[in-house]
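The values are calculated or read from the model by the stated rules, or taken from the named source; none is laboratory data. Note that the structure is predicted; figures quoted are calculated from it, not measured. Cβ placement follows ideal geometry from the backbone for every residue including glycine, while neighbour counts extend to all protein chains displayed. Remember, those area values only see protein heavy atoms, side chains included, never the ligands or the DNA or RNA. Shrake-Rupley method; radii C 1.70, N 1.55, O 1.52, S 1.80 Å.
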Amino acid sequence: MSRLGLDRFSALYLGAIFIVTFGLWTPDLFLTMSTVQSIASAQAIVAIMAIALIVPLSAGVFDLSIGAVVNLSAVIVAIQQERNGWGMWESIALAVAVSVLVGVVNAFIVVKLRVGSFIATLGTGTVIGAVQVIVSNQTQPLPPTTPGWAELTQTEVGGFQVIIVYLLVIALFFWWLLGHTPLGRRLYAIGGNPDAARLSGVKVENHIWFSLIVSSALCGVAGVLYCSLSGPSLTFGAALLLPAFAAAFLGSTQLKPGRFNIWGTVIAVYVLAIGIQGLQYVTGVQWLGDMFNGVSLIVAVGFASLSPRIRARRMQRAAVEERLKAAENEPAANLVSR
């Protein structure tokens with residue numbers, strides 16, 4: 001298994017199987033450039049949300065409010081332009097600022113009030129949903145017509161919409177931040193064992209503040225990009241929560257098994273999307289997406305939990321084999337010395 005890379009690249013193998021299977025099954029629909037471009041652009045928002053989710057997950061903290069934050073950001077940026085006459089950049093700044101404020105509230109509840117992150121962010125997500133109803137007055141916002149608004153994400157670069165470039169830039173930055181800076185190493189240390197990290201001098205609470213604020217800020221950006229790409233919606237955020245979690249946990253089994261990582265997550269987002277798109281082409285059933293993501297999340301979490309135990313057993317088995325070999329060679333060595 002390790003020689004074939006199945007322990008680190010299983011998602012790539014699975015993606016290849018999807019491409020071959022659905023390419024042979026529905027070549028006229030699946031093997032087209034329009035399908036590639038559609039999947040690439042449509043999943044960029046999910047990938048950005050999953051990256052936002054990885055930052056607190058690396059520190060062992062959940063953020064279940066990401067779907068609500070993305071939705072609120074999209075609604076604010078649309079309403080400020082269409083109803084209140086704000087400019088595009090002023091509206092974007094307000095949407096991201098509100099998202100940062102949500103991150104501050106999340107961090108305060110988790111760090112200062114010592115409420116578990118799962119419950120805290122679930123609660124704030126529900127509150128954000130109510131705030132969104134108040135802000136929108138339960139009315140679907142109209143798409144902004146501000147000059148340059150659609151071009152923000154829909155300008156083509158190399159045949160793909162520019163939102164793919166945004167995703168790559170964000171992924172590169174957080175890959176560097178989490179994998180190649182002391183800050184990233186401290187976040188992973190906290191996620192592995194917060195007590196040990198604290199004894200090593202890491203300011204655990206400060207890093208949790210940082211992770212939750214960054215998560216919400218990045219979700220605010222994702223909401224703005226979604227609104228520019230697809231138009232405002234009152235409900236899309238909740239629908240993207242499950243795919244983001246599924247990708248984050250499936251990604252933790254790729255490239256660096258047992259660790260939430262950026263590129264494994266991006267790969268997972270697109271592998272899941274390829275599978276869902278292929279199944280929808282074959283069956284025409286729309287609910288397959290939710291089922292596919294739900295099953296993938298369960299399998300990914302189960303595999304992520306099982307992998308450390310499997311590696312521990314392999315290490316124990318290897319240690320036992322080394323001891324046995326040493327015990328077998330010891331009598332021969334004694335005879336030679338005599």
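Numbers for the structure displayed
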{"item": "Boolean, residue 54 is among the β-branched types (Val, Ile, Thr) and farther than 20 Å from residue 141 by Cβ", "result": "yes"}
{"item": "Looking only at segment 156-186, and only at residues there that are in contact with a helix residue (DSSP H, G or I) (Cβ under 9 Å, 6 or more places away or on another chain) and among the β-branched types (Val, Ile, Thr), the one that is surrounded by the most Cβ atoms within 10 Å (Cβ to Cβ)", "result": "163"}
{"item": "Evaluation of residue 124 against (1) over 21 Å from the mean Cα position of the chain (by Cα); (2) at pLDDT 95 or above (one fails), failing number", "result": "(1)"}
{"item": "Scan of segment 252-270 for residues that are closer than 18 Å to residue 17 by Cβ and either without any contact (Cβ under 8 Å) to a residue 24 or more places away in the chain or open to solvent by 10 Å² or more (accessible area, probe 1.4 Å) (or both), ordered by number", "result": "267, 270"}
{"item": "Helices (runs of 4 or more DSSP H) lying entirely in segment 141-210 (those with 1 or more residues that are acidic (Asp, Glu))", "result": "151-154, 194-199"}
{"item": "Condition check for residue 129: open to solvent by less than 70 Å² (accessible area, probe 1.4 Å) and within 15 Å of residue 217 (Cα to Cα)", "result": "no"}
{"item": "Any hit, segment 130-139, residues being under 17 Å from residue 224 (Cα atoms) and touching a Pro at 6+ places or on another chain (Cβ under 8 Å)", "result": "no"}
{"item": "Residue among 109, 66, 39 that is among the β-branched types (Val, Ile, Thr) and closer than 24 Å to residue 156 by Cα", "result": "39"}
{"item": "Of all residues in segment 173-222 being more than 19 Å from the chain's Cα centre (by Cα) and hydroxyl-bearing (Ser, Thr, Tyr), the one that is nearest to residue 54 (Cα to Cα)", "result": "181"}
{"item": "Extreme residue, surrounded by the most Cβ atoms within 10 Å (Cβ to Cβ), among residues of segment 101-118 that are within 15 Å of residue 59 (Cβ to Cβ) and not aromatic (Phe, Trp, Tyr)", "result": "106"}
{"item": "Options 196, 189, 222; residue that is free of Cβ contacts under 8 Å to residues at least 40 places away in the same chain and crowded, with 18+ Cβ neighbours inside 10 Å", "result": "189"}
{"item": "Close pairs (8 angstrom Cβ cut-off, 6 or more residues apart or separate chains): over 21 Å from residue 238 (Cβ atoms) in segment 53-68, small (Gly, Ala, Ser) and open to solvent by 10 Å² or more (accessible area, probe 1.4 Å) anywhere", "result": "58/191; 59/191; 60/191; 60/192"}
{"item": "Breaking point among (1) part of a loop (DSSP other than H, G, I, E, B); (2) under 29 Å from residue 145 (Cα atoms), for residue 239", "result": "(1)"}
{"item": "Test: residue in segment 71-90 that is under 22 Å from the mean Cα position of the chain (by Cα), polar (S, T, N, Q) and more than 30 Å from residue 146 (Cα to Cα)", "result": "no"}
